[in-house]
Each structure stands twice: as C-alpha cells, then as structure tokens.
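Asker: Supplied in structure tokens, the structure appears directly below.
What follows draws every value from the coordinates through simple rules; no lab data is involved. Bear in mind the structure is a predicted one, so any value in this text is a computation, not a measurement. Because the Cβ atoms are built from the backbone with ideal geometry, glycine has one as well, and the counts that use them run over all protein chains shown.
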Amino acid sequence: MIDDLSISVAEGEALGIVGPNGAGKTTWFNLITGAYHQDAGKVIFGGTDITHMPRHERCRAGIGRTFQIPKPFSGMTVFENVLVGATHGRNMKERASYEHCVDILDITGLTKKANVLAGSLTLLDRKRLELSRALATDPKILLLDEIAGGLTEAEVEDLLEEIRKLRQTGVTIVWIEHIVHALLAIVDRITVIQFGRKLCEGDPHEVMNSAEVQACYMGGTPA
Amino acid sequence: MTAAKAATLENKRFTVWVANRTNLAIGIFGLLIVVALALFPTYAGTPLTRRLVDFFTLLALAQFWNLMLGYAGLISVGQQGFIGIGSYTLWLFSDIMHINPFISVIFAAIGGAIIAFPAASLVFKLKGGYLAIGTWVIAEILRLIVANIKRTGGGSGITIQAATKLGTTVRVPGSYWWALASAVIAIAVTYFLLRSRTGLALKAIRDNDLAAESNGVNLWRTKLYTYIIGGAGCAMVGAIVAIHLLRVQPAAAFSINWTGYLIFISVIGGVGTIEGPIIGTIIYFVLRETTSKYGEWYFIVLGILAIIVTVWSPAGIYGYVVRKTNFFLFPLQRKLRMLEGAKE
C-alpha cells in the first residue's frame, strides 16, 4: 500500500530505494509502470503527466523495468526475449533491431546463451536477461527491482560491473535493493520507505547510518 | 574466400536464422503431401472425400482456436457464433445476391471479421473465465437473432439452393478443395504471423502478458488482430460447411458442440504450438471414425482419453514431444549466430 508518497528523481541520477518488506517499494514501481492503477496522485515523467498512459506506451516513452521475480518469456530464446524489447519497446522493425540486440547481449554477457530457452536459465542469467530486456527498450529511466537479490557475493560483483557500465551511458537509475553494499557502490542518493510513506532520504552513507533507519531495519516501530 | 563474401563479413558480425536444411526438407515433404491431398477427389470415392471435408474443416477451426487461446490467451467458447455467421453469410451471398457459392466463402470470411470487431470491444473488457462466458453469450445472441428471422427459415433453417444446383460432381470436390485450402490457410496464417514482428509479441504474451506490456507490446491491439483472424477464419469454415451440408440450421451452425470438439482437440494435441492441433485433429478423427458406431461409448472414450492426457502431460501430446526433444515441424525460433573472424 502506498500512502502520501512523493519521490522525484533527476535526469541522470542514480537513486536507491530501501525499506522493510511490505513497505510499498515494488508497489511504487507498479504505479510508475502502470501495472497497478492508483486511486489518487499523479505520475509525471519528463514533465508529462503519464498517470493514464497505457503500459506499453510508458515503456516506449522510456520507462524500463526489471521484475523482482524474473519474468522471462520462458518459451522463447534469450535472443528473442531481448528482441521483444528492441522491436516493440522501441517501436522498430525486427530486422533493424538485430544489431541493437547483439550489442545488449554483449554488455550483459549473454551472447553465448543467445539461443538457449529463457526458461532454462540460472537465476543470475535470468536477472541478466531482465536487465538485457529492459535495456533493449532504450530506457531513459531504468527501474531495477532487487536485481541483486538471491545472488551469491561473486554474482553480485559481476552484476555491479554491468550496472557501473550502464551508469556511464547516462541512464537514470532507480534501484530497490536489500543488499545495501551493492546500492552504496552505485547510487547518489537513498530514499527509505516504510508503511507506504517516505521515512527519510539523502546521502547514501548518512541515511543508512541514521538512527531511525537502523531502528526500522532492526524491527523498531516508527517514530 | 571470394572478395565479395569477405566484404559482407567485414560489415556483419552475426546472422539470424530460423529454419535449417532439415526444416526445408520437411517443408518440401509437407508440400508434396498437400499436392497429394489436393489430387484426392480425382481417385477416391465421394464418401471418403466427404469425410475428409469434416477433417480439414475441423483442423482449420482447431488451428484458429489455438492461435487465440495458445498465443493471445483468449479463451473463446463462442467461435460457433462465427461459424454460424459464416454459414448464413454464405446463404446471403449465394442465394440472395447470386454469387457463386465458392466465391461467397470469401465474403463470409470478411463478414466474420466485421462481426469480430465490435464483439472484441465487448469481450476484451472481460478476463479469463468471464471472457469465455462473454464469447458464448455473444454466440447465443447471434443464434437467437438468426433463429428469429423469417427470411432464413427461422429455427428450422434453410437449404442453400445455389449449392444444390452445383450438382454432386462439382460440389463434392469443390467443397473438398475449399476445406483443404482452409486448413492450409489456417496453418500458413498462424505460421507467418508467428514469424512476424507481431508473432514476437504473441509469443511474449503467451509466456507472460505483464512482462510483454512492460517491454512495449501493445496487448490490446495484438489480441484484437488475433480475434479478428479467428473470427474471419471460423466464418470461412462455417461457409464451407454450409456448402458441404447444403443446409443451414441455427441449432447446428451455432452449436456449442463445435467448441467442445475444439477443446478436446487442443487438450489432446497441445496448445501454443502449430503441431498440437494437427495431432489432436488426427486423433479425434480416428477415434470418431472407429468408435462412433458404439453410440455413447464414443463420448466415454473421448472423455477418458482427455483426462489421461491432461494428467500425463498438461501441455498435450506435442507439448511432451517439445519438452523431450525441442523439435518443431514448423520452426519459429529466431537463432543468432555470431560470425567468426568478423571485425569489431
């Protein structure tokens, strides 16, 4: 549930979102991408009100997302998965999108698995596929939902390397993550959400060390 | 290596392919089967030819139904509405407007597409089981409307005069070829649609519709295309059946039994593949031909078989084959091959 929550992110910024389970982090992503419809409030993207825009148009407008639990198109190959984003997400012809897909697979390290059925991938590769598919749509803003969750320490390091590369392209990133050290390595700012409201926000290290955030993570009650 | 080939390699780092030599061989073999089937009426007797009309029309319907359910996730239990519309449109064009019945089939298909458009805007507001009931309600409404028109003979139906006048020697092979064509059209439309850009969207929707939309797939439009193709296709088949049977009755043309057969065929063969409905139709047809003389036992056998297959392999017989071998008669996967020695 989301209640009186207002978060803005500037172009080119990397924002981290943390908060306990059930705080409304994923729900907030679902509102931005149109997966859920809000009862009140607005979604503004690049100065345009997109509150009533259909989901696929939000994607084409430049909002890319990854899902917390990967949702691969399991009956399609990795290449085809990325191709969906590259053709439909950018509203381009199929043949004109091949080049773009090859580049994306190269960035995310999935080239060797291009012809594998997405349903048979390991968790790390599924997360990579989520990222590849979102990138293929040429997003202006990338919403990452616990993309490092469930991975081993070494796998997180691999993924961080790829996300660092993305940062250099200038794409805006909003990243929900429980693995705090991964967030701290990337983001410029952190916002903490609890019970559907904003608890605090600011410099990543200051926020994570503040007493109220510590209390909220250790199971304390809100002030 | 020739200079020209080297030049293309320099610019290309990769190729994308769908079919290989095995697929080509299967394709040629399939074409030969179609040619052999097309010549069938010239050497086989009328009874057998007539039976195959049933087979091909069912195969066409199953293929269109599979396209809607297996890819776009549209559970229609109302395709009989389009079959009925096709039958009556055929009567309208051939008996009232005096157009050759075999040409009227095309108008029937267009009629189905025209009905599908407003029907879609109604049923797409519903989801899952409610959508299924919605399609059935529309089919029933169409049946009641037609049954209450005096000009078409009301509930007792009407004979297609133009089809009777053709005579057996023209009508039987003619309807056979149309039936065969409808099956080939259904398979070809499904195949080439899935090979297209829209096909990427359809396969994505089949696997996860929310993720498809989040990746820019226009869900509503893709479903609409599919529903219109399904409507036009089923109306085309309805028209062929009308020529074949010479008579149209609302209770038969708009019968829910049509959907019953299609569900059985799809459950047995497997949805979401082109091969599934082909296998399902063959099994259904063989069972019908061998067990229908035992009266009700026929339905009991069908029911038991459907239960066994769903428990053993929920994805149907072809779903089992795919899981074990990843082999497709109709190749649809786009495969990427990186070229060695290509310049970065």
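Asker: Go through the stretch B:193-229 and count every residue that is more than 7 Å from chain A (Cβ to nearest Cβ), farther than 21 Å from A:Tyr36 by Cα and either among the hydrophobic types (A, V, I, L, M, F, W, C) or more than 20 Å from the chain's Cα centre (by Cα) (or both).
Answerer: Residues meeting the conditions: 6.
Asker: Here's a follow-up. With the requirement that a residue be closer than 22 Å to B:Ser121 by Cα, out of contact with any Ser or Thr (no Cβ under 9 Å at 6 or more places or on another chain) and part of a helix (DSSP H, G or I), what does the stretch B:211-220 give you?
Answerer: Correct list: B:Leu219, B:Trp220.
Asker: Please work out which residue is farthest from the other protein chains (Cβ to nearest Cβ), limiting yourself to the stretch B:299-344 and to residues that are free of Cβ contacts under 8 Å to residues at least 60 places away in the same chain, in a loop (DSSP other than H, G, I, E, B) and of a type in the set (S, T, N, Q).
Answerer: Once the filter is applied, the top-ranked residue is B:Ser313.
Asker: Let me ask you something else. Output the residue which, of all residues in the stretch A:82-94 that are within 8 Å of another protein chain (Cβ to nearest Cβ) and not β-branched (Val, Ile, Thr), is surrounded by the fewest Cβ atoms within 10 Å (Cβ to Cβ).
Answerer: Here the answer is A:Lys93.
Asker: Another question, then. In the stretch A:102-127, which residues are within 17 Å of B:Arg334 (Cα to Cα) and within 19 Å of the chain's Cα centre (by Cα)?
Answerer: Listed by number, the residues that qualify are A:Ile104, A:Leu105, A:Leu110.
Asker: For the stretch B:138-161, enumerate the residues that are among the aliphatic types (A, V, I, L, M) and in a loop (DSSP other than H, G, I, E, B).
Answerer: B:Ile149, B:Ile160
Asker: Report yes if some residue within the stretch A:36-56 is in a helix (DSSP H, G or I) and touching a His at 6+ places or on another chain (Cβ under 9 Å); otherwise report no.
Answerer: Yes: one or more hits.
Asker: From the list A:Phe73, A:Phe79, which one is outside any helix (DSSP H, G or I), within 7 Å of another protein chain (Cβ to nearest Cβ) and closer than 22 Å to B:Trp17 by Cα?
Answerer: A:Phe73
Asker: Looking at B:Ile185, B:Ile158, B:Ile85, B:Ile138, which one is over 30 Å from B:Asn215 (Cα atoms), touching a strand residue (DSSP E or B) at 6+ places or on another chain (Cβ under 9 Å), surrounded by 18 or more Cβ atoms within 10 Å (Cβ to Cβ) and not polar (S, T, N, Q)?
Answerer: Working: B:Ile185 fails: touching a strand residue (DSSP E or B) at 6+ places or on another chain (Cβ under 9 Å); B:Ile85 fails: touching a strand residue (DSSP E or B) at 6+ places or on another chain (Cβ under 9 Å); B:Ile138 fails: touching a strand residue (DSSP E or B) at 6+ places or on another chain (Cβ under 9 Å).
Exactly one of B:Ile185, B:Ile158, B:Ile85, B:Ile138 is over 30 Å from B:Asn215 (Cα atoms), touching a strand residue (DSSP E or B) at 6+ places or on another chain (Cβ under 9 Å), surrounded by 18 or more Cβ atoms within 10 Å (Cβ to Cβ) and not polar (S, T, N, Q), namely B:Ile158.
Asker: Report every pair of residues separated by at least 6 positions or lying on different chains whose Cβ atoms are under 7 Å apart, first residue within the stretch A:11-33 and closer than 18 Å to A:Val180 by Cα and within 14 Å of chain B (Cβ to nearest Cβ), second crowded, with 18+ Cβ neighbours inside 10 Å and of a type in the set (A, V, I, L, M).
Answerer: These pairs meet every condition: A:Thr26/A:Ile176.
Asker: Also, I was wondering about something else. Do the conditions hold for A:Gly64, that is, is it of a type outside the set (D, E, K, R), assigned to a strand (DSSP E or B), within 9 Å of chain B (Cβ to nearest Cβ) and crowded, with 19+ Cβ neighbours inside 10 Å?
Answerer: On the way: of a type outside the set (D, E, K, R): yes; assigned to a strand (DSSP E or B): yes; within 9 Å of chain B (Cβ to nearest Cβ): yes; crowded, with 19+ Cβ neighbours inside 10 Å: yes.
Judged against the criteria, A:Gly64 is a match.
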